[in-house]
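First comes the structure, then the notes that go with it.
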Amino acid sequence: MKYLIVSFVGAIWGSIPSAWLLLKFMYGKDIRSEGSGNVGALNSYEVTNSVKIGVIVLIIDLLKGAISVFLCRLIYPNEFVPPALALIMAVFCHCFNPWLRFKGGRGLATAAGGTLLLCPILLLIWIILFGITFLIKRNVHLGNFAATICTVIIIFIFSDLFTKFAFPVPQNPELLVIFSLNLLMIILIKHFDPIVELYDSYKTKNR
C-alpha cells in the first residue's frame, strides 16, 4: 500500500503541466505545438523570449521533484525506497504527462529538484559532467545525454561509496543503482529524438 501511496504522490505533483498552463493563459499558446514542442523551461523561454517565464517554469519543475520527495520522507522518514519511487513517478509523469496526451518535458529539472534532497552527490556529478561536455561541444542536448550516460556508469561502479551520501541511506547499494538507472533511463528516452536529429545534422554537414 505504501508504494501505491508514494507513487500517487509523485504522479500528482509530476503531472502538473506548469509550462503548458503558463503559456496557455498568459500568451494563448500551446507549447506542445510551439518551438521544439517540449513542455519545459527551455522551450518556454524560447517560445516566449521571456527569461522570467523560463525561470518560473524551471522553479516549478524543480519543486515538483523536491515536494514529492519531501512529502514522502515525512511519511516514511527512515526509508529510501518510498521517496525514491515518488521521484521516479514524478519525473515519469512530467515527461509523459497524462493530462497532455502523454507529451511533456525532458525531466531534468524535476529529477534535479528531488535528487537534491535524496542524493545530492548524484546531482553534483551530473552537473559537473554536463558542464564539461557543454564547454567542449556547446550543445545542451549532447551535454544532457552524455552527462546522463556517464552518471549511470559512475554510480554503477562506485555504488558502495555513493550509498553513504543518500538521505536516508539505502539498505544496500543495489537500491541506489536501481533508483539511478530508472531515473536516468527516463531522461535518456526523452533525449533520444534530439540526439538523433543532432546526428543526422552532423552526417548532412559532413557528406
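Worth pointing out:
- Long-range neighbours under 6 Å by Cβ, at least six apart or interchain, first residue more than 17 Å from Val39 (Cα to Cα) within the stretch 105-128, second β-branched (Val, Ile, Thr) and surrounded by 24 or more Cβ atoms within 10 Å (Cβ to Cβ): Gly114/Val69; Leu117/Val69; Leu118/Val69; Leu122/Thr115; Leu123/Thr115
- Summed over the stretch 113-142, the residues that are of a type in the set (Gly, Ala, Ser) and buried (at least 20 other Cβ atoms within 10 Å of the Cβ) give a count of 2.
- Close pairs (7 angstrom Cβ cut-off, 6 or more residues apart or separate chains): closer than 14 Å to Leu85 by Cα in the stretch 163-180, of a type in the set (S, T, N, Q) anywhere: Pro168/Asn78; Pro170/Thr163; Leu176/Ser159; Leu176/Thr163; Val177/Ser159
- Inter-residue pairs, beta-carbon under 7 Å, first in contact (Cβ under 8 Å) with a residue 12 or more places away in the chain and in the stretch 9-29, second hydrophobic (A, V, I, L, M, F, W, C) and not in a helix (DSSP H, G or I), 6+ apart: Pro17/Val39; Ala19/Val39; Trp20/Val39
- Ile178 meets all of the listed conditions (1) among the aliphatic types (A, V, I, L, M); (2) buried (at least 18 other Cβ atoms within 10 Å of the Cβ); (3) within 22 Å of Ala90 (Cβ to Cβ) but one, namely (2).
- A search for C-beta distances below 6 Å between a residue of the stretch 69-87 that is basic (Lys, Arg) and any residue that is at pLDDT 95 or above, counting only pairs 6+ apart in sequence or on different chains, returns Arg73/Pro83.
- Failed item in (1) surrounded by fewer than 17 Cβ atoms within 10 Å (Cβ to Cβ); (2) at pLDDT 95 or above, with Pro82 passing the rest: (1)
- Taking (1) surrounded by fewer than 21 Cβ atoms within 10 Å (Cβ to Cβ); (2) touching a Cys at 6+ places or on another chain (Cβ under 8 Å); (3) of a type outside the set (Gly, Ala, Ser) in turn, Val9 satisfies each apart from (1).
- Number of positions in the stretch 36-69 that are closer than 19 Å to Phe96 by Cβ and touching an Asp or Glu at 6+ places or on another chain (Cβ under 8 Å): 4
- Meets criteria (on the phi > 0 side of the Ramachandran plot and surrounded by 15 or more Cβ atoms within 10 Å (Cβ to Cβ)) for Gly107: yes
- Within the stretch 149-167, the residues that satisfy the criterion of being surrounded by 16 or more Cβ atoms within 10 Å (Cβ to Cβ) and more than 20 Å from Thr133 (Cβ to Cβ) are Ser159, Phe162, Thr163, Ala166.
- Just one of the numbered conditions (1) more than 18 Å from the chain's Cα centre (by Cα); (2) farther than 24 Å from Pro77 by Cα is not true of Ser159: (2).
- Elements of type helices (runs of 4 or more DSSP H) contained in the stretch 99-207, each with 1 or more residues being at pLDDT 95 or above and among the hydroxyl-bearing types (Ser, Thr, Tyr): 108-118
- Residues of the stretch 57-96 satisfying the condition of being within 19 Å of Ser15 (Cβ to Cβ), more than 16 Å from the chain's Cα centre (by Cα) and of a type outside the set (Phe, Trp, Tyr): Leu71, Cys72, Pro82
- The set of residues in the stretch 137-157 being touching a helix residue (DSSP H, G or I) at 6+ places or on another chain (Cβ under 9 Å) and either without any contact (Cβ under 8 Å) to a residue 12 or more places away in the chain or not β-branched (Val, Ile, Thr) (or both) consists of Lys137, Asn139, His141, Leu142, Gly143, Asn144, Phe145, Ala146, Ala147, Cys150, Phe156.
The values are calculated or read from the model by the stated rules, or taken from the named source; none is laboratory data. Owing to the predicted nature of the structure, the values given are computational and were not obtained by experimental measurement. Positions of Cβ are generated from backbone atoms using ideal geometry, with glycine treated the same way; all protein chains shown enter the neighbour counts.
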